[in-house]
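Participant: Have a look at this one before I ask anything.
Rule-based calculations on the coordinates, nothing more; no lab input. Remember, predicted model here, so these are calculated numbers, not experimental data. Note: ideal-geometry Cβ built from the backbone for every residue, glycine included; neighbour counts use all protein chains shown.
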Amino acid sequence: RDVFPDTKEQRCWFHKTGNVLAALPKSAHPNAKKALAEIHQAEDKDHAIAAAKVFAAEYGAKWPKAAAKITDDLDVLLAFYDYPAEHWVHLRTTNPIESTFATVRLRQRVTKGPGSRAAGIAMAFKLIEAAQARWRMVNAPHLVALVRAGVPFTNGKQVERPDQSDTQPNAA
């Protein structure tokens with residue numbers, strides 16, 4: 001946030017689901033999981049917002065903390081809808097990032113620490129470099145350039161510029 005203050009934030013649905021379920025009794029988990037999936041798997045942002053309202057209405061009376069975990073963060077939970085639909089699968093969760101660093105964390109624990117800072121950095125680099133071979137490619141990589149250029153997307157589709165000829169006065 002300090003380095004890139006204009007960067008949009010996307011919360012991880014995997015972790016958010018776990019946090020919501022932790023605020024619910026075990027008996028409510030199956031239906032709550034389905035309701036949460038209705039939100040983050042919705043076809044567009046409007047349907048996701050509607051599903052979130054249904055979740056809040058259904059669970060808010062008995063378990064207000066669980067409902068608040070969704071309603072309070074809804075804007076950052078649904079930020080992925082402002083990007084290409086092909087990228088949604090990558091943006092909904094931070095698990096791929098955490099899985100990469102889990103390898104480093106596990107190795108560091110086994111070796112009882114790297115010994116020196118330089119050795120730790122080298123070990124982390126080599127482990128991540130090896131893990132890179134198993135990474136999944138980004139869907140529609142050609143759209144990454146558009147996202148970086150600031151091209152707007154709404155509900156996964158690129159927003160086209162309004163027709164310029166309609167706004168210019170007629171020359172007579």
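Participant: Could you give me D for the range 13-82, from Stokes-Einstein at 10 °C and 1.306 mPa s, where the hydrodynamic radius is the Kirkwood radius over C-alpha pairs? Units µm² s⁻¹, please.
Facilitator: Numbers: Rh = 11.8 Å.
Here the translational diffusion coefficient equals 134 µm²/s.
Participant: Which aspartates and glutamates does LYS126 reach when only Cα atoms under 17 Å apart count, and residues fewer than 8 places away in its own chain are ignored?
Facilitator: GLU98
Participant: Please give every one of the aspartates and glutamates within straight-line cross-link reach of LYS26, meaning a C-alpha to C-alpha distance under 18 Å, and leave out same-chain neighbours fewer than 8 residues apart.
Facilitator: GLU58
Participant: List the residues whose amide H sits under 5 Å from the amide H of PHE153, counting only those 5 or more places along or on another chain, with H placed 1.01 Å from N in the peptide plane.
Facilitator: VAL159
Participant: Distance in nm between label sites at ALA130 and THR71, each 7 Å beyond Cα in the beta-carbon direction?
Facilitator: Inter-label distance under the simple model: 4.9 nm.
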